[in-house]
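First comes the structure, then the notes that go with it.
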Amino acid sequence: MTRRLRRASAFAAVAALAVLAPALGDAALVPFLAVAGLAFFGVRDGEWFETLALPGDRDEERLYGFVAFSLAAAGLALFASLPRAPLPHSAFAAATLAVGGGRLGRELVGSRSTDEFALVAGYVAGGTVGAVAGQVGVLVQTSGLDSFGAAVGGVTATLPGVGFLAAVAALTAALVRSLVFARDAHITVILVSFAVWGFIALDPGVTVALVAFGLGVTVALGYVSVALGTASVSGMLTGVLSALLAVVLGGVGWFLTLMSFYAVGGLASKYRFDEKADRGVAQENEGARGTGNVLANSAVALAAVVGYAATAHVDAPAAPFALAFAGATATAMADTLSSEIGGLYDGPRLVTTLRRVEPGTDGAVTWQGEVAGGTGGLLVGGLAALGMPLGDPVVGGAVVVCAGVVGMTVDSLLGALVEGDAVGNQAVNFLATLSGAAAAVTLWAVVLR
C-alpha cells in the first residue's frame, strides 16, 4: 500500500468516528480531540509522520492538515450535540465520510491512473459510498433496522433521500477540494456539513427515478463537457452539482432549461474557436469554462431553485422563483451567444455611444450578436414555458425572453461602464443574471396587474 493511500485510509478512519456520534451524545467530540492531540503532540517524526504529512507539514514538523481535519470534525460533533438547533447527526456523518471516503477513493484510483477526470470520479464515488454508509449507520442507531429512518422523517427517512444527500455531499466536497489546498480538508468538511444540513431542512421530495435520472444524465453530460473541452474538471463539478439540484429541487423542466444553457453555451464557446482566438475575443482556457465562470452565470438561478423548494415550508408564492430562475438562465444564454457569435463579425459598436471600436472591447455589440442573443433567450423562454410553473405559458415565456434581452443589455452596459481591473467579467456576468432575474419578476408582476 502506497504512503498516499495509507494517509487517505487514516483520514477515512477518523471520519468514520462520526457514525458513533448518536451513541456518544455530548461526548461525540472526544475521539476527534484525542486523535488531534495525539497527532499534534505525539507524532513529530518517523513513519507515521511521513505517512500522514500533507504538503507543508514537513517544513513545520507538525501534522497541521490531519490535526485541522480532526479538530473541524470535533467542532461539528460539538455543534451536533447542542440542545437548541443541533446539526443533524446524519449531516455530520455524511460530510465527514464524504471527505474521508473521497480522499480514499481518489487515492485508490490514483494508484492506477493520473487522469484528472478519473481521480475526481474516484473522489466522488468514494465520497458518495462513505456518505451513504455514514447516514445508514446513524439512522440504524436512531431508528433501528425494522423502521429504517422512520423516527427521523423527511428526506433522511428514505433510501433515495439518503442517496441524494450523499451525492450532494460528495460533489460539494470534490468541488470545494478543487478550490482549496489538499491540506484544507477541515474547510471542506465544515462547508459540506452545512450544505447537507441545509438540504435536510429543505426536505425535498426525492424519488428513486428522480435521483437516478439526475445523477445519470448530469454525470454523463459532465463527462462529455470535459471530453469536448467545453468545461474544466472543476467547472464540470459545478455544472453537475447545479444540474442535480435543479432536477431534484425543481423538476425535469428546470433541469432542461438550465442544461440548454450549459450545452448550447459550451458549444458556442468552441464554435470557430481558432478564428476567435486570432481576433482576441476567445474564451480563456481554450474555451473550457471553469468554476468561476459557471457560478457567475448560474448562482442566481441556483438561489432561485433553492428558494422555490423553500416555498413548501413558508407562505410564499412559487412563481416568482421560477421566473427568476428562467430569467437568469435566459440572460446567461443570451449574453453568451451574443458574445461568442457577435465576436466573429467586424464593425462592433460601443453600446453607450454607438461609435465603432475594436473587436473584443468591453461593452461592444454587433447586430449579429444581438440576434444570436435574442435567439438564445427565445430558446430558454420556450423551454421554461413548456416545463416550468410560470403561470400562463405564453405570457410567462414572453416575460422570460424579454428578461433575457434586458439582462444581455445590462451586461453590455456594465461592460462599457465599469468592467476593467476593479470589476471583472465574472462579476459583470453575475450582476447581469441578477438583473435578468429581477426583470422577469418585475415584468410578471406588471403583467398580472
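Sites listed here are trypsin sites (Lys or Arg not before Pro) in segment 28-105 whose DSSP assignment is loop and whose Cβ has at most 14 other Cβ atoms within 10 Å: Arg44, Arg84. All Cα-Cα distances of segment 324-433, cut into 5 Å bins from zero to the largest, leave 2, 15, 23, 22, 17, 10, 6, 3, 1 percent in each bin in turn.
Once the Cα atoms of helix 367-387 and of the chain are each reduced to a long axis, what angle between those two axes, in degrees from 0 to 90 to the nearest 10, is obtained? Tilt relative to the chain: about 60 degrees. Between the beta carbons of Asp392 and Ala445, assuming R0 = 22 Å, the FRET efficiency works out to 0.95 to the nearest 0.05. P(r) tail, segment 346-389: Cα-Cα pairs separated by more than 16 Å, 49% of all pairs. Helix 319-342 versus the longest principal axis of the chain: what is the Cα-based angle in degrees, 0 to 90, to the nearest 10? Helix 319-342 sits at roughly 70 degrees to that axis. Here the label points at Arg112 and Leu24, each 7 Å from Cα along the C-beta direction, are separated by 3.4 nm in the simple model.
Taking Cβ atoms as reference points and 14 Å as the exclusive limit, the residues near Ala334 contribute a net charge of -4, counting Lys and Arg as +1 and Asp and Glu as -1.
Compute the Rg to Rh ratio over segment 27-125 from the alpha carbon atoms, using the Kirkwood formula for Rh, and round to two decimal places. Each step should come with its number before you reach the end.
Working: Rg = 15.7 Å, Rh = 15.0 Å.
Rg/Rh for segment 27-125 comes to 1.04.
Computed over segment 183-254, the convex hull of the alpha-carbon atoms projects to a mean area of 5.8 nm².
Full extension of the chain between Leu38 and Ala201 yields a length gain of 55.1 nm, computed as 0.36 nm times the residue separation minus the alpha carbon distance.
Simple point charges give the picture: +1 on the Cβ of Lys and Arg, -1 on the Cβ of Asp and Glu, and for segment 208-316 a dipole about the Cα centre of about 100 debye.
Rounded to two decimals, what ratio of Rg to Rh does the chain give with C-alpha atoms and a Kirkwood Rh? Could you put the intermediate results ahead of the total?
On the way: Rg = 23.8 Å, Rh = 23.2 Å.
Rg divided by Rh gives 1.02.
Compute the acute angle (0 to 90°) between the alpha-carbon long axis of helix 64-80 and the principal axis of greatest extent of the alpha-carbon atoms of the chain; round to the nearest 10°. It works out to around 90 degrees.
Per residue, how much accessible area does segment 306-449 show when a 1.4 Å probe rolls over the protein heavy atoms, in square angstrom?
Working: 6540 Å² over 144 residues.
With all protein chains present, segment 306-449 gives 45 Å² per residue.
Using only alpha-carbon positions, what ratio does the radius of gyration of segment 150-277 give when scaled by 2.2 N^0.38 Å?
Values: Rg = 16.2 Å, N = 128, 2.2 N^0.38 = 13.9 Å.
Compactness ratio reported: 1.17.
Surface composition of the chain: carbon plus sulfur atoms contribute 66% of the solvent-accessible area (1.4 Å probe, protein chains only, all chains present).
Selection among Ala296, Thr114, Ala427 by position relative to the dipole of the chain gives Thr114 as farthest towards the positive end (Cβ unit charges, Cα centre).
When peptides 297-303, 440-446 are ranked by their average number of other Cβ atoms within 10 Å per residue, the highest-first order is 297-303, 440-446.
The values are calculated or read from the model by the stated rules, or taken from the named source; none is laboratory data. Please read all numbers here as calculations on a predicted model, not as lab measurements. Positions of Cβ are generated from backbone atoms using ideal geometry, with glycine treated the same way; all protein chains shown enter the neighbour counts. Side chains included, ligands, DNA and RNA excluded: accessible areas come from the protein's heavy atoms. Shrake-Rupley method; radii C 1.70, N 1.55, O 1.52, S 1.80 Å.
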